[in-house]
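The values are calculated or read from the model by the stated rules, or taken from the named source; none is laboratory data. Because the structure is a prediction, the values reported are computed rather than measured. Glycine also receives a Cβ, built like all others from the backbone with ideal geometry; neighbour counts cover every protein chain displayed. Protein only, heavy atoms only, side chains kept; ligands, DNA and RNA dropped before computing areas. Shrake-Rupley method; radii C 1.70, N 1.55, O 1.52, S 1.80 Å.
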Protein chains: 2
Amino acid sequence: MLIATPQSMQFAAVLPLQSGATLRDYSLSFETYGTLNADKSNAVLICHALNASHHVAGTYAGQDKSEGWWDNMIGPGKPLDTNKFFVIGVNNLGSCFGSTGPMHVNPDTGRVYGADFPVVTVEDWVNAQARLLDALGIQTLAAVMGGSLGGMQALSWTLQYPDRVRHAVVVASAPNLTAENIAFNEVARRAIVTDPDFHGGHFYEHGVVPKRGLRIARMIGHITYLSDDVMNEKFGRKLRQTVLAQSGDKPQREGGVDGYKYSTQDVEFQIESYLRYQGDKFAEYFDANTYLLITRALDYFDPARTYGDLSHALARATAKFLLVSFTTDWRFAPKRSREIVKALLDNRRDVSYAEIDAPHGHDAFLLDDPRYMGVVRSYFDSVAKEGRP
Amino acid sequence: MLIATPQSMQFAAVLPLQSGATLRDYSLSFETYGTLNADKSNAVLICHALNASHHVAGTYAGQDKSEGWWDNMIGPGKPLDTNKFFVIGVNNLGSCFGSTGPMHVNPDTGRVYGADFPVVTVEDWVNAQARLLDALGIQTLAAVMGGSLGGMQALSWTLQYPDRVRHAVVVASAPNLTAENIAFNEVARRAIVTDPDFHGGHFYEHGVVPKRGLRIARMIGHITYLSDDVMNEKFGRKLRQTVLAQSGDKPQREGGVDGYKYSTQDVEFQIESYLRYQGDKFAEYFDANTYLLITRALDYFDPARTYGDLSHALARATAKFLLVSFTTDWRFAPKRSREIVKALLDNRRDVSYAEIDAPHGHDAFLLDDPRYMGVVRSYFDSVAKEGRP
């Protein structure tokens, strides 16, 4: 069993951001799993997506249910094997899980940042991650890996620090957001910003949290993480059972003779119950300003824009690539991964691509599909063998 | 030019609703175009979707920009030709465009209905429409026609009143909502219901409108009406231009040297600007309780549930059908129309089906695609010729 230990590192030097703003006296939370080898050649950096953190694998001592968010993928004997690799999880700047973010005090003002936390980009996160690696004495990564927004960071690593990355594993990702992707982000942000409890992003001072907005944001998110198919299979048009108070009684439904309650506000269908539950849970722990920052980082990421076009961008990359997409992912559809593959091939780069026939939509990148796990396992097996006789 | 004249009809008799509740002393707003022939055999009823009304075609006298919502489809010489047909548009119960709805006074209490307006279903609307036809002296419709939710009503007409409908034209519709469809409705409803200005649906008494919720609801709706492709074509990742005050100056963008503003709350992309505009506009005129009622009518509609399965349901129908779907419509995808076609063929019914290759998503049913218009035109041409020597 892998026991995880969260660590934190403080950075005094100013970090220049893409926007022109700067951050100073910030800290990054991180975890490591496995052992760094003598020549420091076996480090793998894991980049996280919207609702995740540095706690990638293992559990915390004495907390059984505290598995890291990619614990099925990473650990001893797992596809990314911590018996072979030294794996680093890091929480991004602006997040709400430990690294410096909107809930922390701005050293320039002595006040909590709130909405004044500067906009951070994928590129800024990669720069901060590179400084963490400097501090850990790691010059070159065996691999950088991430799914979704994490995949964008992995991709950006190969452009910003091409000589520090030997492999990039980019899962369920895209070279930029489509208009529809931005649209969903924008609706979620408007729900948060227009919640009267948001107070222009300085809600901490008012002792409230814009939970209404966070709930809506999360509900919208969940719809885009799942496929239409898996929603139909899991929930379909099934009505919610009302469980009676007396145990042993068969669950029954209240309501009319035909089973409908005929209400616009009560939960009628199971899918409604599921979404409300997900929204409620999220609003209890996620920071509203972090939500805005992370969705904006997604919106802004666009190496094609930075470097002229995607092929031109990827001419910078020298890493070898594994790309994985999932057939029913309509948030970051396979064609988006294929754009990256094409741009790599345009530059005659070494790229493997697996399009996994999985029903779970975007969420598939976090789930246990045996073909998916198999592809990642063989890729890392061959990475582990590199340079050996 | 077709001049439209809104009319209203009062109904004193109690209307029993599917929920078990009743409505009494209600009125229906409607318009008619063209002339009812002597044997009253040329009437076509148009059923509307979420954000529409009885004002289907023509303009109001002296109001140039007041075209009905299906004015491209219906009028003299148009695909549904009012020189041949007597076309009726009717506003549904619970709507906010004239027929009795949540903004009106409940005769039982003397108070505005608000959230106490009873839940109405597609079947209830069809029953109310049938009473309107009774009052107009029309026994049998040459055709009933609708798009989206309107198509569900057209479909339901053929099940509830099989001997009163000769043809049903069902465009961009579905035999019921999927879990994903319900999910989008539910998020929109939660945005409205949790807006502090909703006041449990009795906001009229407080002199406020839950505009925040309505805006979010409409933004979500708009995303589902458009295809990913048309959004990319129309907006893509284009940034919003800031137009300078001095005319003649070239539009410019404020913000950083690279063109981004680096803001989480300002409009950065054109798609954001478009959605905010649509949300703002909608919140100015649409009623929040109506939004809840209409989305719930969508959720509940399910003839397969009512009659066992869809084939069994459509065994009741004796009308001839035209079904039309659009390839990029992901809200009511072509496969949903094909389910209806299959169930009709199971019963050896007369059905024509056109799957139109159009880029505009669900919205296509309101737009001028020449193939779509052509299909509807030829269908109605042959309806007009029926019974003639």
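Does A:T140 meet the test of being out of contact with any Pro (no Cβ under 7 Å at 6 or more places or on another chain), under 27 Å from A:A288 (Cα atoms) and of a type in the set (S, T, Y)?
No: the conditions fail for A:T140.
Can you list the helices (runs of 4 or more DSSP H) found entirely within region B:257-346 that contain at least 3 residues being within 10 Å of another protein chain (Cβ to nearest Cβ)?
Where helices (runs of 4 or more DSSP H) fall fully within region B:257-346 and carry at least 3 residues being within 10 Å of another protein chain (Cβ to nearest Cβ), they are B:270-285, B:288-300, B:303-307.
I'd like the residue in region B:160-173 that is in contact (Cβ under 8 Å) with a residue 40 or more places away in the chain and in a helix (DSSP H, G or I) and, out of all such residues, is most open to solvent (accessible area, probe 1.4 Å).
Here the residue is B:D163.
Considering B:L36, B:L50, B:L93, which residue is modelled with pLDDT under 95 and in a loop (DSSP other than H, G, I, E, B)?
Only one candidate qualifies: B:L50.
Among the residues of region A:177-192, is there at least one that is at the interface with chain B (Cβ under 9 Å from one of its Cβ atoms) and not in a helix (DSSP H, G or I)?
Looking through region A:177-192, at least one residue is at the interface with chain B (Cβ under 9 Å from one of its Cβ atoms) and not in a helix (DSSP H, G or I).
For the list (1) within 22 Å of the chain's Cα centre (by Cα); (2) within 14 Å of chain A (Cβ to nearest Cβ); (3) of a type outside the set (S, T, N, Q), I need the number of the one condition that B:D195 fails.
Failed condition: (1).
I'm trying to understand the selection: among the residues of region B:91-127, which are hydroxyl-bearing (S, T, Y), within 13 Å of another protein chain (Cβ to nearest Cβ) and open to solvent by 10 Å² or more (accessible area, probe 1.4 Å)?
B:Y113
Which condition breaks for B:Y307 when tested against (1) crowded, with 17+ Cβ neighbours inside 10 Å; (2) touching a Lys or Arg at 6+ places or on another chain (Cβ under 8 Å)?
(1)
Examine region B:174-184 for a residue that is over 30 Å from B:S156 (Cα atoms) and either at pLDDT 95 or above or open to solvent by 30 Å² or more (accessible area, probe 1.4 Å) (or both), and state whether such a residue exists.
Taking every residue of region B:174-184 in turn, none turns out to be over 30 Å from B:S156 (Cα atoms) and either at pLDDT 95 or above or open to solvent by 30 Å² or more (accessible area, probe 1.4 Å) (or both).
Which of (1) at the interface with chain B (Cβ under 9 Å from one of its Cβ atoms); (2) at pLDDT below 95; (3) out of contact with any Phe, Trp or Tyr (no Cβ under 8 Å at 6 or more places or on another chain) does A:Q241 not meet, given it meets every other one?
The number of the failed condition is (1).
I want to confirm something. Restricting to region B:347-361 and keeping residues that are part of a strand (DSSP E or B) and open to solvent by less than 60 Å² (accessible area, probe 1.4 Å), which single residue is nearest to B:F235 (Cα to Cα)?
Within region B:347-361, the match that is nearest to B:F235 (Cα to Cα) is B:I356.
Just a yes or no: is a residue in region B:78-85 among the β-branched types (V, I, T) and surrounded by fewer than 24 Cβ atoms within 10 Å (Cβ to Cβ)?
yes
Which residues, counting only those in region A:128-159, are of a type in the set (V, I, T) and open to solvent by 10 Å² or more (accessible area, probe 1.4 Å)?
Residue satisfying the conditions is A:T140 alone.
Which one of these is in a helix (DSSP H, G or I), within 28 Å of A:H360 (Cα to Cα) and over 19 Å from the mean Cα position of the chain (by Cα): A:E205, A:E233?
Every option except A:E233 fails the conditions.
Results for (1) in contact (Cβ under 8 Å) with a residue 60 or more places away in the chain; (2) within 14 Å of another protein chain (Cβ to nearest Cβ); (3) assigned to a strand (DSSP E or B), shown as yes or no for each residue.
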site	(1), (2), (3)
B:S8	yes, no, yes
B:K40	yes, no, no
B:L45	yes, no, yes
B:H55	no, no, no
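Yes/no matrix, rows are residues, columns are (1) over 29 Å from B:V119 (Cβ atoms); (2) in contact with a helix residue (DSSP H, G or I) (Cβ under 8 Å, 6 or more places away or on another chain); (3) modelled with pLDDT under 95:
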{"site": "B:S8", "(1), (2), (3)": "no, no, no"}
{"site": "B:L17", "(1), (2), (3)": "no, yes, no"}
{"site": "B:G20", "(1), (2), (3)": "no, no, no"}
{"site": "B:Y26", "(1), (2), (3)": "no, yes, no"}
{"site": "B:S29", "(1), (2), (3)": "no, no, no"}
{"site": "B:L45", "(1), (2), (3)": "no, yes, no"}
{"site": "B:A57", "(1), (2), (3)": "yes, no, no"}
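For region A:198-238, how many residues meet the condition of being more than 8 Å from every other protein chain (Cβ to nearest Cβ), of a type in the set (S, T, N, Q) and either farther than 15 Å from A:F282 by Cβ or open to solvent by 30 Å² or more (accessible area, probe 1.4 Å) (or both)?
Going through region A:198-238 one residue at a time, the tally reaches 1.
Among all residue pairs at least 6 apart or on different chains, which show Cβ distances below 6 Å where the first residue, located in region A:127-144, is in contact (Cβ under 8 Å) with a residue 60 or more places away in the chain and the second is open to solvent by 30 Å² or more (accessible area, probe 1.4 Å)?
A:A135/A:M9; A:I138/A:K40; A:A142/A:R166
When you scan region B:60-68, do you find a residue that is part of a loop (DSSP other than H, G, I, E, B), more than 23 Å from B:D134 (Cα to Cα), at pLDDT below 95 and among the charged types (D, E, K, R), even just one?
yes
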